[in-house]
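Peer 1: Sharing a structure, written as structure tokens. Questions coming.
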Amino acid sequence: MDACMRDQKLEDEDSPVMFSVVREMVKKSRMKVIDKLNKHADLSNVSDLFVKPTADMPFNPIVADIRIPLSLQKRKYVFDESRRSKVERFKVIYDGEFLIVGAMCLLDKRPYGVYDVRDRFEEIMESIYEFESIPPCLTHYAMIFVRKGERYSKAPDVFFETPPSSTFMGITADLYLRLHYGMCNLYEVSAIRRKIETSSSDVNKDVSRLIADLGSFLNSSWKDIRKKRKLLKEARDGMLKILTKLAEYERGINELAESRKGLEEEMKHVSMLKDLVETLGLDDYAELETRLDVESQMRIVEHVRNELEIYRVGLSTMTSALIGAIIGSILTLGVAYFLGSIGV
């Protein structure tokens, strides 16, 4: 991805070459992950999800078994002891973008150890490269596969019936192919939302700082020119930063709407994705908790700009008057001296 961002011209003019470069980068990264997983004591049976991945799948998902003893599973993740499934062995599927954790247990039990698996897997990945965890991690509800004809309660999890002859790898491969694109969209929506909320928080802090700088500026003595100049520069820099972030905020709002639209379109075609996202609650990841009042922030910036402009104009007028007075005095003295020297 970095290569694409660094050389957009190469991507536009020679897409096959760019795809080959990215594919090679992904291949090297994938081998690093596999090597690390093979060396980890808790992991075993590291393999590929697909024997022959499609051409548009540069990162063949990695499947592995992981064991987390009950004694090492954190109590804080056990929400209901009566429903706790004492599972120690789990399956992980990782494709470089998102992680799937699975376990075999009774329908009325919950394998709370999946959260410990997530934490352990993150620790392993942190030793390879930097990454960002984006909610939902893991999803609040489980996707449960049951044999056809088996009785079960449909709430609150998402259930899917499978033929009796289904294997774990077969179910997982089908699940991945159906959900991969849509889940990437969901995480993109969630990432954009978090970026917008961070930008909104930063703007509020920067505006508060700008108001404080204006207060210090107005309360400082007119004689302290150096302090005023410093505060003037800081205020100007602050206004520029705020305007830049407000533009990013507005751009983020548009990106969020577009990404959500793409996800909702995908949900129309993939019932499994639709069931999962509706169970999770799309608004929890796509709707902002509060909207930034852009007009109010702009009015504050404009007010500060006007105050600084008044000072700048006043200072310029005063400076011009002083310079005029000094020049006038010098000319008067010069003329007086000249007239005196010629005896007038």
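Any read-out appearing in this document is the output of simple, stated calculations on the displayed coordinates, not a laboratory observation. Since we're looking at a predicted model, the values are computed, not measured. Positions of Cβ are generated from backbone atoms using ideal geometry, with glycine treated the same way; all protein chains shown enter the neighbour counts.
Peer 1: So who's got an amide H within less than 5 Å of the one on Ser85, skipping anything under 5 residues away but keeping other chains? H placed 1.01 Å off N, in plane.
Peer 2: Arg110, Tyr112
Peer 1: So for Leu231, Leu263, Leu70, fewest C-beta neighbours within 10 Å to most, what's the order?
Peer 2: Taking fewest neighbouring Cβ atoms as first place, the list is Leu70, Leu231, Leu263.
Peer 1: Measure off 7 Å from each Cα along the Cα-to-Cβ vector at Lys28 and Asp275, then give the distance between these two points in nanometres to one decimal.
Peer 2: The modelled label-to-label distance comes out at 4.2 nm.
Peer 1: Would you kindly state how much longer the chain becomes between Ile171 and Glu307 on full extension, computed as 0.36 nm times their sequence separation minus their alpha carbon distance, in nm to one decimal?
Peer 2: So the extension gain works out to 42.3 nm.
Peer 1: Continuing with the same structure: Give me the number: length gained by fully extending Arg291 to Tyr129, i.e. 0.36 nm times residue separation minus the C-alpha to C-alpha distance, one decimal in nm.
Peer 2: Using 0.36 nm per residue and subtracting the Cα-Cα distance, I get 54.9 nm.
Peer 1: Same structure, new question: Residue by residue through segment 229-242, which ³J(HN,Hα) values in whole Hz follow from phi under the Karplus form 6.51 cos²θ - 1.76 cosθ + 1.60 (θ = phi - 60°), with glycine and proline marked x?
Peer 2: So the Karplus estimates, Gly and Pro as x, are 5, 5, 5, 5, 5, 4, 5, 5, 4, x, 5, 5, 5, 5 Hz.
Peer 1: Let me ask something else. With each label point set 7 Å from Cα along the Cα-Cβ vector, what nm distance links Asn45 and Arg251?
Peer 2: In this crude label model, Asn45 to Arg251 measures out at 4.7 nm.
Peer 1: Too long at a 19 Å Cα-Cα cut-off: which of Lys195/Lys245; Lys205/Lys227; Lys148/Lys274; Lys76/Lys109; Lys74/Lys195; Lys205/Lys241?
Peer 2: Lys205/Lys227; Lys148/Lys274; Lys74/Lys195
Peer 1: Something else: Stretch Tyr77-Asn219 to full length: gain in nm at 0.36 nm per residue minus the Cα-Cα span?
Peer 2: On the way: separation 142, 0.36 × 142 = 51.12 nm, distance 5.37 nm.
Length gained between Tyr77 and Asn219: 45.7 nm.
Peer 1: Let me ask something additional. Separation between the Glu122 and Cys105 pseudo-spin-labels, each 7 Å from Cα along Cα→Cβ, expressed in nm?
Peer 2: According to this spin-label approximation, the distance is 1.9 nm.
Peer 1: What's the FRET efficiency of Lys205 with Lys148 using the Cβ-Cβ distance as r and R₀ = 51 Å, to the nearest 0.05?
Peer 2: Values: r = 56 Å, r/R0 = 1.09.
Efficiency for this residue pair is about 0.35.
Peer 1: For segment 132-144, in order, what is each residue's ³J(HN,Hα) by Karplus, 6.51 cos²θ - 1.76 cosθ + 1.60 with θ = phi - 60°, in whole Hz (x at glycine and Pro)?
Peer 2: For segment 132-144, the Karplus curve yields 10, 8, 10, x, x, 9, 6, 5, 5, 10, 9, 9, 10 Hz.
Peer 1: When we measure straight from the Cα of Lys28, which lysines land under 21 angstrom away, once same-chain ones fewer than 8 places off are left out?
Peer 2: Lys36, Lys39, Lys52
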